[in-house]
Amino acid sequence: MGSAALAAATLAISGREDAHAQAPRSTGHKAPNETDPGPQNLPLAAENPDSEWSPSTDSGTVKPFKYSFSLARKRVLSGGWTRQVTARELPVSTAIAGVEMRLTAGGVRELHWHVEGEWAIMLNGTARITAVDQAGNSFVSDVGEGDLWLFPPGIPHSIQGLGPDGCRFLLVFDDGNFDEFHTFLITDWLAHTPQEVLAKNFNVSQSTFDNVPKKELFIFQTGLPGDLKTEQAQAAQGTGTVAKSFDFKASTMKPTKVTRGGEVKIIDSKIFPVTPISAAIVTLKPGGLRELHWHPNADEWQYYITGKGRMTVFAAGTTARTMDFEEGDVGYVPISNPHYVENTGDTDLVFLEMFRSSEYQDISLAEWMAHTPHLLMNQHLGVGMTMLDGIPKQETVITPA
């Protein structure tokens with residue numbers, strides 16, 4: 001092909017590509033091609049500006065990676081309420097599911113267990129938690145705002161709200177298909193076991209079990225528990241207490257990293273030995289950025305505690321999407337998909353990063369660039385040697401540093 005014909009063909013191809021590119025945006029989105037005279041959910045659009053008018057860098061189709069607990073059905077009982085976000089609500093969330101729960105003062109999430117591991121953080125108030133391990137060792141502890149606990153799979157446990165106003169907490173399970181409404185409950189089990197078998201098992205009369213509820217309690221109201229030390233001593237009789245504590249006082253933990261842009265606490269099995277689930281509690285100041293990075297060992301499940309932010313997930317193959325988040329929202333990033341989280345509000349943004357792995361791992365874009373030969377990196381990006389030489393040699397995590 002001659003040079004003139006080649007140039008013409010190139011221009012034609014370029015024209016076709018440009019026709020599919022996003023048109024320039026106007027200030028306030030008032031251009032004729034941006035108007036929307038049809039039906040609109042304006043409050044929802046205002047909460048999701050990066051979906052309503054996506055950044056020009058967004059491209060292609062990326063599966064939704066956001067779901068709000070506000071859209072989840074609450075199950076309300078005498079001692080509190082609960083709701084969940086699982087793979088049924090957020091299909092991309094295959095590795096982890098989350099549950100919000102509120103217990104009144106004296107309200108009990110009844111004695112139960114499940115196949116999945118349970119990681120939790122106390123969001124408000126205080127609670128008493130109990131458990132018994134496979135060796136009969138007991139665990140009884142009080143946890144307050146910012147504290148964590150972990151109940152391994154199959155370990156029976158309970159949660160009870162304390163005074164003056166009970167508690168509210170987040171539960172995280174290491175299976176996206178977990179169902180909070182289908183767990184093994186002590187009342188449900190005994191109600192479906194013949195009384196003569198129960199009597200034989202405990203060597204008592206059948207009438208002993210006449211008052212066992214015929215239906216699960218699940219969450220029920222009762223009085224406050226007894227003195228902590230007294231209940232700990234009673235539960236430990238004969239076997240003692242668990243070798244590794246099921247709770248972790250993250251409320252008193254010093255941050256793992258602090259910068260001008262915020263701070264992060266990283267909690268995994270290195271400092272909380274019993275946990276198979278790792279976490280980061282991230283605080284971003286207004287304008288702060290959880291830097292561009294990815295996680296090579298697990299999907300990331302997020303829960304937004306306070307503030308407002310946005311996240312872009314790059315899914316490879318020229319596809320990327322930006323979504324907005326605020327209090328009570330869940331985010332999800334598949335393994336090794338690069339992303340960032342930016343505080344877009346005027347107050348601190350606090351959110352959780354959760355992983356179905358006992359070890360927290362991430363790879364920072366800046367750290368990768370800092371430790372790759374700069375000539376090679378500049379041949380890729382053309383950003384200049386001065387910029388590359390100035391990148392910090394240690395991972396920043398949160399910017400500005």
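The values are calculated or read from the model by the stated rules, or taken from the named source; none is laboratory data. Values in this document were obtained by computation on a predicted structure and should not be read as measured data. Note that we place each Cβ from the backbone using ideal geometry, even for glycine, and neighbour counts take in every protein chain shown. Protein only, heavy atoms only, side chains kept; ligands, DNA and RNA dropped before computing areas. Shrake-Rupley method; radii C 1.70, N 1.55, O 1.52, S 1.80 Å.
Quick notes on this one:
- The aspartates and glutamates within cross-link reach of K215, meaning a Cα-to-Cα straight distance under 13 Å and a gap of 8 or more places when in the same chain, are E110, D188.
- Sites listed here are chymotrypsin sites (Phe, Trp or Tyr not before Pro) in segment 136-214 whose DSSP assignment is loop and whose Cβ has at most 14 other Cβ atoms within 10 Å: F181.
- Between the alpha-carbon centres of segment 331-401 and segment 119-146 there is a gap of 35 Å.
- When the helices of the chain are scored as -39500 (n - 2.57) per DSSP H run of n ≥ 4 and the total is divided over every residue, the value at 222 nm lands at -4500 deg cm²/dmol.
- Counting all C-alpha pairs of segment 199-339, share separated by more than 27 Å (%): 50 percent
- Cross-link reach list, lysines versus K30, counting only Cα pairs under 26 Å and skipping chain neighbours closer than eight places: K308
- Rounded to the nearest 0.05, the FRET efficiency derived from the C-beta distance between T35 and D348 at R0 = 30 Å is 0.25.
- Accessible area of the chain belonging to carbon and sulfur atoms, whole % at 1.4 Å probe: 57 percent
- Altogether, the Stokes-Einstein calculation at 10 °C and 1.306 mPa s, with the Kirkwood radius of segment 135-228 over Cα pairs as Rh, returns a diffusion coefficient of 97 µm²/s.
- Net charge over other residues, Cβ less than 15 angstrom from the Cβ of T208 (K, R count +1; D, E count -1): -1
- Karplus-based coupling profile of segment 339-346, in residue order and whole Hz: 6, 9, 10, 10, 6, 9, x, 10, with θ = phi - 60° in 6.51 cos²θ - 1.76 cosθ + 1.60 and x standing for Gly or Pro.
- Gain upon complete extension [I363, V212; 0.36 nm per residue less C-alpha separation]: 49.0 nm
- Accessible surface, per residue, of the chain when the full set of protein chains is kept, probe 1.4 Å, Å²: 50 Å²
- Positive contributions from Lys and Arg (+1) and negative ones from Asp and Glu (-1), summed over other residues with Cβ under 11 Å from the Cβ of S357, come out at -4.
- Excluding same-chain neighbours fewer than eight residues apart, the lysines reachable from K257 by a Cα-Cα span under 19 Å are K249, K265, K270, K285, K393.
- Extension gain from Q394 to L375, taking 0.36 nm per residue of separation minus the Cα-Cα distance: 4.9 nm
- Translational diffusion of the chain was estimated from the Stokes-Einstein equation, with Rh taken as the Kirkwood radius over Cα pairs; at 10 °C and 1.306 mPa s the coefficient is 66 µm²/s.
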